[in-house]
Amino acid sequence: MMVRVLFVCLGNICRSPMAEAVFQQMVNDAGRDDQIIVESAGTGAWHVGERAHSGTRAVLARHGIAYEGRAQQVSRSDMRDPDTIVVAMDNSNLRDLKRFGDHPHLYRLLDFATETTLREVPDPYYSGGFDNVYTLVVDGCRGLLSFVLDTYHLPPRK
């Protein structure tokens, strides 16, 4: 069984690629890279094809996490796939995604967090704060990985 997780923010250059890279590292470390597909996208098309923001790349590099992805826009087919877990970074992203219609597995990343009461990952595009965003993303991704493993009963790799 394969589970697909799609992280979504506004432009797919700051928060969602950071979450994609962090979650992919956690999936790899858990030995589940053959069971969980990790991707990210933006609700807008402004940055399609661009590398992640330099602030995102820098914080990931400081934590030893590689990321070479390019920005893409979320598609109608992404939102029609009932088997994809779609994870929004904030309430605005969540509202934008709901415009595609109902999706059975649509969440905010920080709904899975245990170390913060925040429910929205702030956008560091203009204000910075990439280290704070990283801390929130790690917290949310830890909880999300537990949720995926528990919900989908993924067997451990032999």
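The values are calculated or read from the model by the stated rules, or taken from the named source; none is laboratory data. All values derive from a computational prediction rather than experimental measurement. Using ideal geometry, Cβ is built from the backbone for each residue, glycine included, and neighbour counts are taken over all protein chains shown.
For MET26, the criteria (1) modelled with pLDDT of 95 or more; (2) within 17 Å of THR84 (Cβ to Cβ) hold in every case but one, which is (2). Contact map, segment 70-89: first residue farther than 12 Å from PHE100 by Cα, second residue among the polar types (S, T, N, Q) and in a loop (DSSP other than H, G, I, E, B), Cβ cut-off under 9 Å, separation 6 or more or different chains; pairs are ARG70/ASN12; ALA71/ASN12; GLN72/ASN12; GLN73/ASN12; GLN73/THR43; ALA88/THR43. When you scan segment 126-142, do you find a residue that is over 16 Å from the mean Cα position of the chain (by Cα) and aromatic (Phe, Trp, Tyr), even just one? The answer is yes; a qualifying residue exists. Is it the case, given these coordinates, that ALA58 is loosely packed, with under 15 Cβ neighbours inside 10 Å and hydrophobic (A, V, I, L, M, F, W, C)? Yes: the conditions hold for ALA58. Evaluated against (1) assigned to a helix (DSSP H, G or I); (2) under 26 Å from ARG157 (Cα atoms); (3) not polar (S, T, N, Q), LEU60 falls short on exactly one condition, (2).
Which residues, counting only those in segment 9-45, are surrounded by fewer than 18 Cβ atoms within 10 Å (Cβ to Cβ) and either assigned to a loop (DSSP other than H, G, I, E, B) or of a type in the set (Val, Ile, Thr) (or both)? Selection gives ALA30, GLY31, ASP33, ASP34, ILE37, GLY44, ALA45. Going through segment 94-110 one residue at a time, which ones are in contact (Cβ under 8 Å) with a residue 24 or more places away in the chain and more than 12 Å from the chain's Cα centre (by Cα)? Scanning segment 94-110 gives ASP96, LEU97, PHE100, HIS103.
Name the residue that is nearest to ARG62 (Cα to Cα), counting only residues in segment 121-150 that are small (Gly, Ala, Ser) and either modelled with pLDDT of 95 or more or touching a strand residue (DSSP E or B) at 6+ places or on another chain (Cβ under 8 Å) (or both). In this case the residue turns out to be GLY129.
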